[in-house]
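A quick write-up on the structure given underneath.
The values are calculated or read from the model by the stated rules, or taken from the named source; none is laboratory data. All values reported here derive from a predicted model rather than from experimental measurement. Cβ placement follows ideal geometry from the backbone for every residue including glycine, while neighbour counts extend to all protein chains displayed. What goes into the accessible areas is simple: the full protein's heavy atoms, side chains included, and nothing from ligands, DNA or RNA. Shrake-Rupley method; radii C 1.70, N 1.55, O 1.52, S 1.80 Å.
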Amino acid sequence: MRTTDFGDDKDRVMRKSDGTYTYFLPDVAYHLSKWQRGYERAITELGSDHHGSLARVRAGLQALDCGIPKGWPEYVLHQMVTVMKGGEEVKISKRAGSYVTLRDLIDEVGRDATRYFLISRKSDSQLVFDVDLARSQWNDNPVYYIQYAHARVCSVLRQAPEKGFTPTSPTAAGPPRPAGRRARADPADRAVEVPRAGRGRRQQPGAASDRRLAARTGQRVPHLLQLSPVPGRDAALRNARLALVVATRQVLKNRLDLLGLGTPEKM
């Protein structure tokens, strides 16, 4: 096929001499079917070693002259993932038939850690997946760190009624005091991050900021928990702190839900 007429760098073979088809033809047919089924926007994900198919598939679709716009479909190219275990790289070879599946990783480290590690970096950057780090239950494991912050806040709210305090919503507590204003401003980050991630076809809307929020939560929770044992002593401050804990729990839950991660209340 003379795909150079449609912007490709060279013409492409669609059918081999033995009568079988190259990958080019079914790739075009697949995307044609998707267009005919009403997908006006399509995002195809490929490994970076298959980047050459972009121009040829788009050229094949344009050659069909069936109303498909130029530049359709969109593409996201992914770099390779290097798996490390025990300080050594797990050797992967297509020729030898040795490989690591997604199921292998989930079985090794769990769903949440696998998901977080894979979506916490840009698709066009290489990832070193450290199995030992993903399995660790310590602060250097980011997914454990964030989930532990959520569990810790939940623990605070479970303890409050035992001390005779009733957690209230942030709006019911009134305007925050100076110590709480900075913490209350953190959730606004997502109002910018999520739409920006969608426009940029990025799969990690603020994963790094999630860890920063968890760190701030860990720093502030001890201070926020200085609840007076005497109900009448500075009740406004106590209620404001409890409301901040409630708000922090909700923000952490929202962020974990957005990433498809679990929200444990005990760890």
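Restricting the trypsin sites (Lys or Arg not before Pro) of region 48-114 to loop positions (DSSP other than H, G, I, E, B) with no more than 10 neighbouring Cβ atoms within 10 Å leaves Lys70, Lys91, Lys94, Arg95.
Summarising the amide proton neighbourhood of Thr44: residues at separation of 5 or more, or on other chains, whose placed amide H is nearer than 5 Å comprise Glu74, Tyr75, Val76.
Which order do you get for Cys66, Cys154 if you rank them by accessible area with a 1.4 Å probe, largest at the top?
Of Cys66, Cys154, the descending order of accessible area is Cys66, Cys154.
Summary of packing: across the peptides 245-255, 44-54, the per-residue average of other C-beta atoms within 10 Å ranks them, highest first, as 245-255, 44-54. Selection among Val90, Thr114, Trp35 by position relative to the dipole of region 35-126 gives Trp35 as farthest towards the positive end (Cβ unit charges, Cα centre). Shape verdict for region 34-170, please, from the Cα gyration tensor: rounded (a/c under 1.5), prolate (a/b greater than b/c) or oblate. Cα axes put region 34-170 in the oblate bin.
Loop only per DSSP, at most 16 neighbouring Cβ atoms within 10 Å: give me the trypsin sites (Lys or Arg not before Pro) in region 1-30, ordered by residue number.
Arg2, Lys10, Lys16
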